[in-house]
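Structure below; questions to follow.
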Amino acid sequence: MGSKPKKVVLIGLDAASSKLTRKYIEEGKLPNLEKLAKEGVFAENCLSPLPTITPSNWTTIVTGCWPSTHGITDFTVHIPGTPLDDIRLGLSSEFCHAERIYEVAERAGKGSIIYNYPSSWPPTITKGTQVEGNSLEVGTLGHMLPVVFSNQPVGERKTFTGLFVGQFITPVPASGWTEAPDSISPALEVELTIDPAPVRAIVEVASIFKPMMSRLMSEPRTYHGYIYDSEGKGYDRVLVASGKDGRDPLARIGVGEAGPIISDVFTVGDRKEEGHLQFALSELYPDASRITIVVPGVHTDSIHTYPEGLSSDIIERFGSPFLMMSASIVGRDVFHYLLSEQNRWNAEVLTYMMETRDWYMLFNHLHCIDYTAHDAFKQADPLTSDSEEDLLEFGEYVEFSYRSVDRYVGKIMKAAPENTLFIIVSDHGATAQPVTFALGNTFGVLIGGIMEEAGYTAYNEPPEAFIRTVDWSNTKAVMQRTCYIYINLKGRDPHGIVDPEDYDELREEIIRFLYDYTDPDTGRKPVALALKKEDARVIGFHGDRVGDIVIAQNSEFGGFEHGPQLPTSEIGMGSMKSLFIMAGPSVKKGYTLNRTMWLQDIVPTICHLTGVPVPAQTEGAIVYQALEA
């Protein structure tokens, strides 16, 4: 083996698939990733554990072990002995039982930068540098979810648009404004009230979101929009102000434009807190028959950092972070702007830290490809798109997210010294979903599905209810999270009704039902795999944080762009296989790795190349075939 790397940089690109990355590289659209692939190794068959999901797999990448070993077994975590509908967001480091490579490196005298790496907060380092790690983007755990103000139905494009609050607005003749801009057509106005009530109502009943409650706005905050015609061609601009005063606007925006990030004071519980927000104009017809104004979120006046004082330093130097929103809501221009600015801001902050902090390893995560996949993949894939127009529009959104990330990677490459070991990796890929299919309770949202149809799960509310609660007195088994079915067992679960002596027979009955079930619309089988918990050890499942039955769904029936599908799933232009590119000292050059490797193999391979001790719970193996002799 040759020389050891001077530094290690791991950049995580959530939901980036090897298949799509290879396609864009061959088309010449990702020059920086292409450079790394030519100077290193590109893996064609890098697999993630099941479920193919964010917190569990990013934790696997830095521990080198299966989710059942480190303890974060899904996007959410269920603690044994608590009610089966009590699940906790898996983005906390406190749920992880295993050593992470940066903890071991620190004990060996090598510090790390940890930047927006999921499930890494609260910090477990004492000498390094960390920015957030308890959410998916820097600044997202704020006072309010994104808000969409519109006089038309929102989300009508049949895409997954993420969590947001829709507020209906009605333009009316403007009145009472002071020194407002001249308008050739009679000016109109809208009231823009950011109302936290709908979000707080959901948080109250959904355990996954309860940690948000202490940070959420508790009272509405109203702004005013002045809609005017600046050129005599119809309404084309909006002025946003705290009151009806045009002398000190918060934003002056045209279609496709976003205003500056502004500060304001919000009521949070019984206290006043400063927050930051931004207005963007996604849509405005000349006759104002359609108007959409968006606020990508209201975030706090600080970000989580270690050391704590780093937060104010970052905000003072670089301003507040940018939050992105779904392209299908905000439109092409605003989407391009928000995503570009977000990645620019992150790159500037991270390169500043690389230049000013003492570090040997760097662990970084970007989530924009994943967000765009959920929003756009169905319409971007020829297999599932509704029209040629949608195919072109949404295909551009997906491609732009990859190209933006490539520019980001280039900036980090430039800031790193020579002889740096670079690893570009994703926690899973993404595929379009031709068929919407539900087994039951996903992400803690009780949605019914075939477990209810078969009589295993009962609810207190009818299917059409927005929020449903389980009728535990009549529930034998429940789908929980992404890939688990739990038996409602007496003596183990607080509301258990199934006798322990019936446990195995009921599991076998449910497994037969799942394999026998045929989707009535397609005539195909949704369930690819259903195993008893003890049999699922063959694919890494064990312990008390997994269900009594482990399931995986066939590619076209995931119901989501990733999660319940097998890590080998491929359909249309999508693939669930993870991206893995590695370049640097002692790594083969221009080599395509065709053997199967797992995300668990990354940590032992880094340790082998650097001499850093292997974390205690690591279960992966060194990828020798990627290394020079």
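The values are calculated or read from the model by the stated rules, or taken from the named source; none is laboratory data. The shown structure was predicted, so the numbers you read here are calculated from the model rather than taken from an experiment. No Cβ is skipped: glycine too gets one built from the backbone with ideal geometry, and neighbour counts run over all protein chains shown. Side chains are part of the model used for accessible areas, which takes the heavy atoms of the whole protein and leaves out ligands, DNA and RNA. Shrake-Rupley method; radii C 1.70, N 1.55, O 1.52, S 1.80 Å.
Identify, among MET413, SER150, CYS368, the residue whose Cα sits farthest towards the positive end of the charge dipole of the chain, taking +1 on the Cβ of Lys and Arg and -1 on the Cβ of Asp and Glu, with the dipole about the Cα centre.
Of the options given, the answer is MET413.
When ranked by the protection proxy of mean other Cβ atoms within 10 Å per residue, highest first, what sequence do the peptides 495-507, 91-103 form?
Values: 495-507: 14.6, 91-103: 21.7.
Packing proxy ranking, top to bottom: 91-103, 495-507.
Could you compute the net charge surrounding VAL425? Neighbours are other residues with a C-beta less than 11 Å from the C-beta of VAL425; K and R count +1, D and E count -1. Please list the in-between numbers first.
Working: positive: none; negative: ASP14, ASP427, ASP601.
Once positives and negatives cancel, what remains is -3.
A follow-up question, please. Quick check on the chain: helices-only [θ] at 222 nm, where DSSP H runs of length 4 and up contribute -39,500 (n - 2.57) each and the sum goes over total residues. Nearest 500, please.
Numbers: 14 runs with 154 residues, N = 629.
Result for the chain: -7500 deg cm²/dmol, rounded to the nearest 500.
Using a cut-off of 15 Å between beta-carbons, work out the net charge of the residues near GLY410 (Lys and Arg +1, Asp and Glu -1, GLY410 not included). Kindly include the intermediate steps, with their values, before the conclusion.
On the way: positive: LYS29, LYS35, LYS38, ARG344, ARG403, ARG407, LYS411, LYS414; negative: GLU34, GLU39, GLU348, ASP406.
So the surrounding residues net to +4.
Here is a further query. For the chain, with only Lys/Arg (+1) and Asp/Glu (-1) charged at the beta-carbon, what is the dipole magnitude about the Cα centre, in debye rounded to 20?
Values: 54 positive and 83 negative charges, 425 e Å.
Result for the chain is approximately 2040 debye, rounded to the nearest 20.
Kindly rank 262-275, 119-132, 57-70, 379-392 from highest to lowest mean number of other beta carbons found within 10 Å of each residue. Before the final figure, lay out each step's value.
On the way: 262-275: 14.4, 119-132: 20.5, 57-70: 27.3, 379-392: 16.3.
Result, highest mean first: 57-70, 119-132, 379-392, 262-275.
To continue, here is another question. Which of GLY64, GLY590, VAL240 sits closest to the plus end of the dipole of the chain, meaning its Cα is farthest towards the positive end, when Lys and Arg get +1 and Asp and Glu get -1 on the C-beta?
So the residue furthest toward the plus end is GLY590.
Another question, if that's okay. When a/c reaches 1.5 or more, the comparison of a/b and b/c decides; with that in mind, is the range 349-498 rounded, prolate or oblate per its Cα gyration tensor? Present the calculation step by step, with values, prior to reporting the outcome.
On the way: a/c = 3.77, a/b = 1.73, b/c = 2.18.
Oblate shape, in that a/c is at least 1.5 and b/c is the bigger or equal ratio.
Counting Lys and Arg as +1 and Asp and Glu as -1, each charge on the Cβ, what is the dipole of the range 485-540 about the Cα centre in debye, to the nearest 20?
Numbers: 9 positive and 13 negative charges, 62 e Å.
So the magnitude is around 300 debye.
Now for a different question. Step through the table entries LYS23/LYS525; LYS378/LYS490; LYS233/LYS378; LYS127/LYS411; LYS476/LYS525; LYS110/LYS588, compare each Cα-Cα distance with 32 Å, and write down the pairs that go over it.
Numbers: LYS23/LYS525 30 Å; LYS378/LYS490 42 Å; LYS233/LYS378 36 Å; LYS127/LYS411 25 Å; LYS476/LYS525 23 Å; LYS110/LYS588 25 Å.
Violating the 32 Å limit, Cα to Cα: LYS378/LYS490; LYS233/LYS378.
Just the number please: accessible area per residue for the range 359-408, 1.4 Å probe, all protein chains included, in Å². Walk me through the numbers on the way to the answer.
Numbers: 1500 Å² over 50 residues.
Ligands and nucleic acids excluded, the result is 30 Å² per residue.
I need the shape label for the chain. Rule: rounded when a/c is under 1.5, else prolate if a/b > b/c, else oblate, with a, b, c from the alpha carbon gyration tensor.
Values: a/c = 1.63, a/b = 1.19, b/c = 1.37.
Judged from the Cα gyration tensor, the chain comes out oblate (a/c at least 1.5, b/c at or above a/b).
Considering the alpha-carbon set of the range 1-159 alone, what are its Rg and its Dmax in angstrom?
Expressed in Å, the Cα Rg and Dmax of the range 1-159 come to 18.9, 64.
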